[in-house]
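In what follows, a single structure is set out as structure tokens and then discussed.
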Amino acid sequence: MTALLEVKNLGISFGGLRAVNNFEVSIKKEELYGLIGPNGAGKTTIFNLLTGVYRPDSGKVILDGQDITGKKIIDINKAGIARTFQNIRLFKQLSVLDNVKVGLHNNHHYNTLEGIFRLPRYRTVEKEMNEKAMELLKVFDLDKEAEYQAANLPYGKQRKLEIARALATEPKLLLLDEPAAGMNPNETGELMDTIRFVRDQFHMTILLIEHDMKLVSGICEELTVLNFGEVLAQGETSAVLNDPQVITAYLGE
């Protein structure tokens, strides 16, 4: 299967410290790929490099044949990468519906004049966005809470809403940064089902950072293990998790 994401020799230093060094990965279309490692291994730094938060000082990032290395956050998002965060980042004072509509603005447009005077194009676009947002909310069983303030959702549903908002940008690649953080076992089980569903329903390619080994081993087809900013092991999940180096550096903590 064709690779959607190709990363070659990616690296960055902070104050003379090499945070990520020669990171490489190839992720196929519609693959569920995991990225694990001890705290401080460089996992979130890699997400920040892929999404434009940081500009790499070496290497290349190729998404679906397009070089997106060092581009701005908004340009990388438009190219097809969306992400969620370990610490949930919702617009908590907005409604559940409006949170998803924020993501839809990437592909639905009207100008300022049309918005101020509620001209026909504004009304058409708003109707389209409302309908699309409700479709996404139904996928995540959040449609009944569409008018709730996002801050009033239970924790597990806030996670789902963040994923729904990311999908609203119509990405090619979805990055999930520790999506099971703070969840109880039941919520984690539901999340695993949700991630599988998103991949299958949306034909989505997913890269996730995770500490929950049950989740990683249960859904990730391939895996990269980082340690001190470098790749320690890489390949099929079952083989990687049985690698003695991985057990020593990470699983045996």
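Among the conditions (1) within 15 Å of residue 159 (Cα to Cα); (2) open to solvent by 20 Å² or more (accessible area, probe 1.4 Å); (3) not aromatic (Phe, Trp, Tyr), the only one that residue 199 does not satisfy is (1).
Quick one: is residue 221 surrounded by fewer than 18 Cβ atoms within 10 Å (Cβ to Cβ) and in contact with a Phe, Trp or Tyr (Cβ under 9 Å, 6 or more places away or on another chain)? So residue 221 passes the test. Among residues of the stretch 168-187 being open to solvent by 10 Å² or more (accessible area, probe 1.4 Å) and outside any loop (DSSP other than H, G, I, E, B), the one that is farthest from residue 135 (Cα to Cα) is 185. List pairs: first in the stretch 228-248 and modelled with pLDDT of 90 or more and open to solvent by 80 Å² or more (accessible area, probe 1.4 Å), second part of a helix (DSSP H, G or I) and of a type outside the set (Lys, Arg), Cβ under 7 Å, 6+ apart or cross-chain? Close Cβ pairs (under 7 Å, with a partner that is part of a helix (DSSP H, G or I) and of a type outside the set (Lys, Arg)) amount to 234/240.
May I ask you to verify whether residue 52 is on the phi > 0 side of the Ramachandran plot, surrounded by 15 or more Cβ atoms within 10 Å (Cβ to Cβ) and either at pLDDT 95 or above or more than 15 Å from the chain's Cα centre (by Cα) (or both)?
On the way: on the phi > 0 side of the Ramachandran plot: yes; surrounded by 15 or more Cβ atoms within 10 Å (Cβ to Cβ): yes; either at pLDDT 95 or above or more than 15 Å from the chain's Cα centre (by Cα) (or both): yes.
The answer is yes for residue 52.
A single member of 23, 47 is at pLDDT 95 or above and part of a helix (DSSP H, G or I), and it is 47.
If you go through the stretch 55-70 and pick out every residue that is part of a loop (DSSP other than H, G, I, E, B) and buried (at least 19 other Cβ atoms within 10 Å of the Cβ), you end up with 3.
The values are calculated or read from the model by the stated rules, or taken from the named source; none is laboratory data. Since we're looking at a predicted model, the values are computed, not measured. Note that each Cβ is placed from the backbone with ideal geometry, even for glycine, and that neighbours are counted across all protein chains shown. What goes into the accessible areas is simple: the full protein's heavy atoms, side chains included, and nothing from ligands, DNA or RNA. Shrake-Rupley method; radii C 1.70, N 1.55, O 1.52, S 1.80 Å.
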